[in-house]
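Worksheet: one structure, shown below.
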Amino acid sequence: MRLSSLFVHNFKNIGELDLPQLSGVNIITGRNASGKTNTLQSIYFLSTLSTQFKTYQQAVRFGADFFSVKGGLESSGAQKSLEVRYGPGRDVKLKLNGNTVAKKSDYIGECRVVNFAFEDIDLVRGTPGERRRALNILISQVNRGYLKSLQKYTAVLAHKNKLLSEAFKKRPDAAVLEAFNEQLCESGAEVIKIRKEAAVFLSQAFDLAHKRISLGLESASLEYKCSFECVGDLKAAFAAKLKELLPAEIARGTTLIGPHKDDMLFKINGREAKYYASDGQQRTLVFSFKLAEYRYMQDAVKDDPVILLDDVFYELDADRKAAVLEFFRPMPQLFIVSLEADWVKKVFPDAASFRISGGALQDALQKE
Ligand SMILES: Nc1ncnc2c1ncn2[C@@H]1O[C@H](COP(=O)(O)OP(=O)(O)OP(=O)(O)O)[C@@H](O)[C@H]1O
Ligand SMILES: [Mg+2]
């Protein structure tokens, strides 16, 4: 799939950015704080409705009262248009081919992206929450059933946790908790099952990519780590453990196990990379994971996602940089933000490049 056009209005520091004709490789240059990352984030948001910011309001340009992002898409020979718009006090408004879409789950997945930014090192170094989020965004883009189960699970979990958090002043109704647990098992088991399957695929693609980048010197794997013994009948195991933990959950005021507590471990040569890998090795692992994400999406929907690369070449030696770029070369569409634009242009001489300044396009889109 390819994004053929992009129009961004009042998104962060971008007042108006109109890119009516996008290429296969698009290099975005400009000085610090010009709006390069914001341009990529607008594409990421248009596609996933996920944000790197805490609230939608944070993305509204200072002094404006709404933002909107529109994109034209070529997917499997068909032309599509996507639009997301946000104004204060409301939820986002979505349009697909000009028609309003009420549910996010009917919109996410139309444009699929792999976003790769410098801070993605946090996938290896950071909290389990960051890894769960990455998995959720990845799988939701190719599996609407997953997204629906996840939304259901998250909603029931919030209700149950609210009840549990008030348990210190009012003993919660056991029948209500039981009903919540039943719903959590239903949707939660589905979420875990799909994540575990994804982790198996991802781990293989991850190791393959990693072997190529590290020139076969290291082996890498991903391991889905369940917050309870999740073997055999997942739903039954989840239900039994939730029942056993009920007194502890009432005492602690929160739900102690489930997909919201699970993790995915990054391993290198059998050891957890968070603790044992060097900076360069961690960067290499993240690259490998992003390539695995790409393969996962490609395999799931038989179509290539769009790749967003935001200044990700730091801390890689020349051999690893070259190996990484060889992976990206055959991909149908790349957006590359780089302060080393000249070096990227040498690698992709046919790329379109455009320069952002003060949140707007400085020069007309030019083929170089
Ligand atoms: N809601 C907003 N309204 C206006 N400006 C904003 C908003 N949110 C963020 N900005 C500003 O956008 C500017 C550009 O940010 P961006 O991250 O896109 O820069 P960049 O070109 O990627 O820079 P760098 O090369 O340093 O990574 C920042 O200075 C930031 O303060
Ligand atoms: Mg940036």
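The values are calculated or read from the model by the stated rules, or taken from the named source; none is laboratory data. All values reported here derive from a predicted model rather than from experimental measurement. Positions of Cβ are backbone-derived with ideal geometry, glycine not excepted, and every protein chain shown enters the neighbour counts. SASA here: full protein model, heavy atoms, side chains in, ligands and nucleic acids out. Shrake-Rupley method; radii C 1.70, N 1.55, O 1.52, S 1.80 Å.
Here are a few things to note about the model shown:
- Count - residues of the stretch 82-132 that are in a strand (DSSP E or B) and surrounded by 19 or more Cβ atoms within 10 Å (Cβ to Cβ): 10
- Of all residues in the stretch 96-118, those that are within 16 Å of ligand 1 (Cβ to nearest atom) have Cβ atoms under 9 Å from Cβ atoms of residues that are open to solvent by 50 Å² or more (accessible area, probe 1.4 Å) and assigned to a helix (DSSP H, G or I), 6 or more apart or on another chain, in Ala117/Thr37.
- Given (1) touching a Phe, Trp or Tyr at 6+ places or on another chain (Cβ under 8 Å); (2) under 30 Å from Val324 (Cβ atoms), index of the condition Gln204 fails: (1)
- The set of residues in the stretch 31-76 that are small (Gly, Ala, Ser), more than 19 Å from Glu16 (Cβ to Cβ) and either within 15 Å of ligand 2 (Cβ to nearest atom) or out of contact with any Pro (no Cβ under 9 Å at 6 or more places or on another chain) (or both) comprises Ser50, Ser75, Ser76.
- Checking Glu197 against (1) farther than 23 Å from Leu308 by Cα; (2) touching a Leu at 6+ places or on another chain (Cβ under 9 Å); (3) open to solvent by 80 Å² or more (accessible area, probe 1.4 Å), the condition it does not meet: (2)
- Taking the listed residues Leu135, Leu157, Leu164, Leu202, the one that is in contact (Cβ under 8 Å) with a residue 60 or more places away in the chain, within 25 Å of Leu49 (Cα to Cα), of a type in the set (A, V, I, L, M) and in contact with a Ser or Thr (Cβ under 9 Å, 6 or more places away or on another chain) is Leu157, with no other qualifying.
- Identity of the residue in the stretch 48-66, in a helix (DSSP H, G or I), within 11 Å of ligand 1 (Cβ to nearest atom) and within 18 Å of the chain's Cα centre (by Cα), that ends up surrounded by the most Cβ atoms within 10 Å (Cβ to Cβ): Ala59
- Leading residue by the ranking (nearest to Leu94 (Cα to Cα)) among those in the stretch 32-47 that are in a helix (DSSP H, G or I) and near ligand 1 (Cβ under 6 Å from one of its atoms): Asn38
- Within the option set Asn143, Asn181, Asn161, Asn136, being farther than 30 Å from Phe266 by Cβ and not assigned by TED's automatic domain parsing to the domain that holds Lys103 holds for one residue only, Asn181.
- In the stretch 155-166, the condition of being at pLDDT 95 or above and within 16 Å of ligand 2 (Cβ to nearest atom) is met by no residue.
- Failed item in (1) surrounded by fewer than 21 Cβ atoms within 10 Å (Cβ to Cβ); (2) in contact (Cβ under 8 Å) with a residue 24 or more places away in the chain, with Tyr294 passing the rest: (1)
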